[in-house]
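Structure, as structure tokens:
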Amino acid sequence: MTASKLKLIGSRYHGYSMQEVEGRQVKTLHFTAQRLEITDLVQRGALGNGTVMRAASAPGRVSTITDGPIHLYTRRLTGTPAVADHPLAPVTLSPDSLAMPNLDLGFLQLPKLTFTDVTAHNVELSGGTLFIPDARITVVGR
């Protein structure tokens, strides 16, 4: 997934989780949120046999996932985080990049966590209701 902005509202970090990807177990970061807002969403996913699906919002539009809790499992998240709307330095978060990746901070809820210029290698997203304004969905074969 790529986006110009990703906002996690009511988010918590639960440490890492093992998830199955193409028949093997991989470490992922586990986040939950009550709502996601994704500006300029472009999501790509392999459907098998060399076929890739691409779902995108219209440029400048904000896609939402509401009605949490939403569970997000990601292998890597790259972007520039902002705390209280003040951008920090660009980071890449992964289970291997964190000093204590399995530290469960689920007891600590952040009201709003924002990343700009985002690239996320998501393994699973579950829960909530997805809305992509002016969605454009394409399927490309090999």
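Read the figures in this text as sums done on the coordinates, not as results from a lab. Predicted model only: the values in this text are computed from it and were never measured. Positions of Cβ are generated from backbone atoms using ideal geometry, with glycine treated the same way; all protein chains shown enter the neighbour counts.
Annotations
- Condition check for residue 37: over 23 Å from residue 133 (Cα atoms) and of a type in the set (Asp, Glu): no
- The one condition from (1) over 28 Å from residue 139 (Cα atoms); (2) free of Cβ contacts under 8 Å to residues at least 60 places away in the same chain that residue 114 does not meet is (2).
- Residues (exposed (fewer than 15 other Cβ atoms within 10 Å of the Cβ) and closer than 13 Å to residue 124 by Cβ) located in region 28-74: 45
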